1. Would you be able to tell me the number of residues in region C:222-255 that are at the interface with chain B (Cβ under 9 Å from one of its Cβ atoms) and surrounded by 24 or more Cβ atoms within 10 Å (Cβ to Cβ)?
2. Any idea which of B:ARG122, B:ARG163 is open to solvent by 30 Å² or more (accessible area, probe 1.4 Å) and modelled with pLDDT of 85 or more?
3. Suppose we keep only residues that are touching a Lys or Arg at 6+ places or on another chain (Cβ under 7 Å) and in contact (Cβ under 8 Å) with a residue 40 or more places away in the chain within region C:171-193. Which one would you say is nearest to the other protein chains (Cβ to nearest Cβ)?
4. For B:GLN100, indicate whether it is open to solvent by 70 Å² or more (accessible area, probe 1.4 Å) and not in a helix (DSSP H, G or I).
5. Could you list, in sequence order, all residues of region A:239-250 that are outside any loop (DSSP other than H, G, I, E, B) and either on the phi > 0 side of the Ramachandran plot or at pLDDT 85 or above (or both)?
6. So for region B:306-324 (the condition being modelled with pLDDT of 85 or more, surrounded by 12 or more Cβ atoms within 10 Å (Cβ to Cβ), away from every other protein chain (no Cβ under 13 Å) and not in a loop (DSSP other than H, G, I, E, B)), does at least one residue qualify?
7. Kindly list, by first and then second residue, each pair from a residue in region B:135-163 that is farther than 23 Å from B:PRO176 by Cβ to a residue that is hydroxyl-bearing (Ser, Thr, Tyr) and in a loop (DSSP other than H, G, I, E, B), limited to pairs with Cβ atoms under 8 Å and residues at least 6 apart or on different chains.
8. List pairs: first residue in region B:270-281 and charged (D, E, K, R), second residue modelled with pLDDT under 85 and not in a loop (DSSP other than H, G, I, E, B) anywhere in the structure, Cβ distance under 8 angstrom, at least six positions apart or on different chains.
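The values are calculated or read from the model by the stated rules, or taken from the named source; none is laboratory data. Owing to the predicted nature of the structure, the values given are computational and were not obtained by experimental measurement. Every residue, glycine among them, receives a Cβ derived from its backbone with ideal geometry; neighbour counts consider all protein chains shown. Surface areas here come from the heavy atoms of the whole protein model, side chains and all, with no ligands, DNA or RNA. Shrake-Rupley method; radii C 1.70, N 1.55, O 1.52, S 1.80 Å.
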Amino acid sequence: MSTALPDATAALAGGGAQRRESLWSKAAWKFRRDRAGMAGLAVVLLYFIAALGVWTGLWATSWADIGGGKWEAVSATHWFGTNLIGQDIFERALYSVSTAFEVGLVVAVMATLLGALLGAMAGFFSGRFTDEVILWVMGVLDSIPFYLLVAAIAFALEGNPYAMHVAMISTFWITTGRLVRGEVIKLKNLEFVEAAHAIGVPEYTIILRHIIPNTLHILLVQSTITFVAAIKSEVILSFLGLGVKDGMSWGLMIAESTFEVLAGFFNNFLAASVLLFGLVMAFNMFADALQDALDPRQVS
Amino acid sequence: MSGQPLLRVRDLVVEFSTEHGVVRAVDRVSFDVFPNETLGLVGESGCGKTVTGLSILGLIPSPPGRIAGGSIQLDGRELVGLSESEFRRIRGRDVAMIFQEPMTALNPVFTIGSQMTDVLRRYKGLTRRQARAAAIELLAKVGIPAPDRRIDEYPHQLSGGMRQRVVIAMALSCGPKLIVADEPTTALDVTTQAQVLEQIVKLQQEFRMSMILVTHDLGVVAETCHRAIVMYCGRIAEKAEIGPLFGAPRHPYTVGLLESIPRVGVHEKEDLAVIPGMVPDLLHLPRGCRFADRCSRRQARCEEALPELDGDDESVTRVACFHPYERMS
Amino acid sequence: MTALLEIRNLQKHFPVRGGFLRRVVAQVKAVDGVSFKLEFGKTLGLVGESGCGKSTLGRAILQLQKPTGGQVILEGEDLTAASPARLLEMRREMQIIFQDPFASLSPRRTVAQTIREPLEVHHIGTPAERNRKVEELLQVVGMRSNVLDRYPHEFSGGQRQRIGIARALALNPKLIIADEPVSALDVSVRAQVLNLIAGLQREHGIAFLFISHDLSVVEHVSDHVGVMYLGKMVELAPAKEIYRDPRHPYTQALLSAVPVPDPKRKSKRIVLTGDVPSPMNPPPGCPFHKRCPKVMDVCSKVVPPVVDVGSADKPHRVACHLHS
């Protein structure tokens, strides 16, 4: 290969500008430059630490205790005051962070996994029987009103605390599934997949090794979007009495506050809605920045 | 070439800001286009030929791009610094553009007739009926069979070659003095390319227009242009009339390009001459001649200083090289 | 001597579905009865315009798209009848390189992972031996081994094409199908890759099926050239012959249409009228008759048979009524 070697050497010398970076590190570099995204991430991490503390029993252990009088004002002992029966609003609001994260994480992870798997299968076998069945299931689930579905599942599971999770997972995977299916249909006709076929790589290995890794950017962004949607739904469902029953949730706090607001006591309502707003806002900023950083049309 | 140039480009500099720094895509490029002349802009991807063409129509995407210096004069009028609305009045009427991919220039939801008559009515003030007649005539001119039927079709109903003809007809519709054609036949098949090229040459003579043909294909340049400019890394390497450019090229890059093309009818199954290495990264350009590290005639000076074009505007060929091949004959 | 590859009456039809219940309403005959032989270590160039079926033919040979009819015989064994296990073994003998250097490498896998994959799939060597083989292959295609852990997006088009070639070489194939391998590359890089391919053929005795729309490139690399039009092979001859004395009117037009970088050559160009018809409803008779400058009455009625107009040592097959 006497002809090939010298020019390749020159090629590599000329390519000194090429930085050693994977697509991920390039995306990370881009993400770090996004101020709003970084701020969002910082706030989300604060919330996450709060949730971790609750899970490990470091704080918010006495959220159910009655430690004061009715509707106490903000003070050193009760940072956000107390509610109708004298429970500490700060403790309850803090405890609710863990509820939100628990629901958000479980739903986001499960819905994304389900969406990735079914979406990839539908896309890879597009036009065939598998695809038709998955598309039909998506269509059916899509056509049932969300709150009706939750109520139905809650009823069917007879008060199981995970009824809400099941309902959300079974509807939230659909968007991810459709997006992944579209991406897979695009990917499976690309030449690197054909090359894998030509080498003799088995079909399931092609899906796992060559196709799904190339949908990770979609999965990551979708899971953050699902996370936010799950938190919001959890609050609404709890408010309606369809969600959290044995624990504490911002939705339950807002439900409690409906009487209080009429009486001119806003602590419960403000604590729950400000914390919810902060988390959703921060997560959305984070998700937007992540989407920009991972967009394959911009990462070249 | 005699007479006043239609287009005068002097020391044009176009820069793009990227994540990793400012890239100078076009670096002090000067040339003239005379009336009724076809000028070829040739080079490999990233050499700045397309950016040069776009800057004449004020189509540099900004940001990230901007014209950082120089002047572009059309018929004595300065174009650099014009506002978008002023450019909009010039585009189509004085200068028109033909793109590589005809689908990007055509709106898929309107018939080709409505797209053409739109332009004709706006710029030429024709009535609906006059505009339609003019459009049909233009379609016939660019070689579309049954133009009175085709005019009511949508772009997707036409083949690639037909679409490119429609785009050419639209470019011609307001009688521009200059057409910038960016790889107009690259997306087409060989036999279609031959048809379209022949049509372009014929129309250029018939309408007495000037044309800048941006292409990577030296064969296309040889068959359609009067003069050509070879660009490398944002700079002009060589500027010459077609005869001398192909007959006695002077810049080592031009020579290398010509030698590395396999030719029909010269059957030798042996290695092609090769320009070693690859185009340098525009972010990390060498100090000296940009072609130096791939050049067989490189000497110490080439790595120190950037060569400028020799000769003056009167010269038949001009080359930016310290050690060019000498002209034979 | 038996040929490395023999194609007999190969067909690949795609059903077009439409209407209620998505019934098959038509067939696109992408490849329609193509036959040829390819000797060991030789190159057959396949030219034609977009939609002529040349890429589909390449994929049908590799069984990436199951042929609808006909036989693909590699070293005496019919691939269309092979069991999946046997086909997997046969894949060692035949590989493919692609046109688009940006789509042909998986963006999230390193150079080493990409080139090593064929060795892993076919259980060749120990992990250490595979790594050594990968470095060796990189050297063969003219790249340094310090690129092993890099990702495809860090390379230029020409370098990516070299990586794709290294992947194809990993299994020491006897046949490589090169589908427009240099069309997406710049002129100066194109020559580098063409020389690399020629060198591989000289040193490793690999046979190439070289698919391209560029006649000058095909002439440069090929021993034989086949011209395709609407799924059919209209002319097949030694490269020198087909360029010196093209017999089919389509080949003649195709050759004369190539722009030549020589302003002194004033070619008498045969400019065809019209466009390539849709392969969904090709015209009856000769597929080329609607654009043919030498069309006769018989052309629209009877499909021209393939006849040999060459000599014994230089077969020159052409499907045209002018010669039958």
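1. Within region C:222-255, the first condition is being at the interface with chain B (Cβ under 9 Å from one of its Cβ atoms), and the residues that meet it are C:222-223, C:239-240, C:243-244, C:250, C:253-255.
Going one step further and asking which of them are surrounded by 24 or more Cβ atoms within 10 Å (Cβ to Cβ), we end up with C:222, C:250, C:254.
Summing the residues that are at the interface with chain B (Cβ under 9 Å from one of its Cβ atoms) and surrounded by 24 or more Cβ atoms within 10 Å (Cβ to Cβ) in region C:222-255 gives 3.
2. B:ARG163
3. Per the criteria, the residue is C:LEU171.
4. Details: open to solvent by 70 Å² or more (accessible area, probe 1.4 Å): yes; not in a helix (DSSP H, G or I): yes.
Yes.
5. Initial filter on region A:239-250 (outside any loop (DSSP other than H, G, I, E, B)): A:239-240, A:250.
Answer for region A:239-250, where residues must be outside any loop (DSSP other than H, G, I, E, B) and either on the phi > 0 side of the Ramachandran plot or at pLDDT 85 or above (or both): A:PHE239, A:TRP250.
6. Yes; the residues of region B:306-324 include at least one that is modelled with pLDDT of 85 or more, surrounded by 12 or more Cβ atoms within 10 Å (Cβ to Cβ), away from every other protein chain (no Cβ under 13 Å) and not in a loop (DSSP other than H, G, I, E, B).
7. Sorted first by the residue in region B:135-163, then by its partner, the pairs are B:ASP152/B:THR111; B:GLU153/B:THR111; B:TYR154/B:THR111.
8. From residues that are charged (D, E, K, R), the pairs are B:ASP281/A:GLY14; B:ASP281/A:GLY15; B:ASP281/A:GLY16; B:ASP281/A:ALA17.
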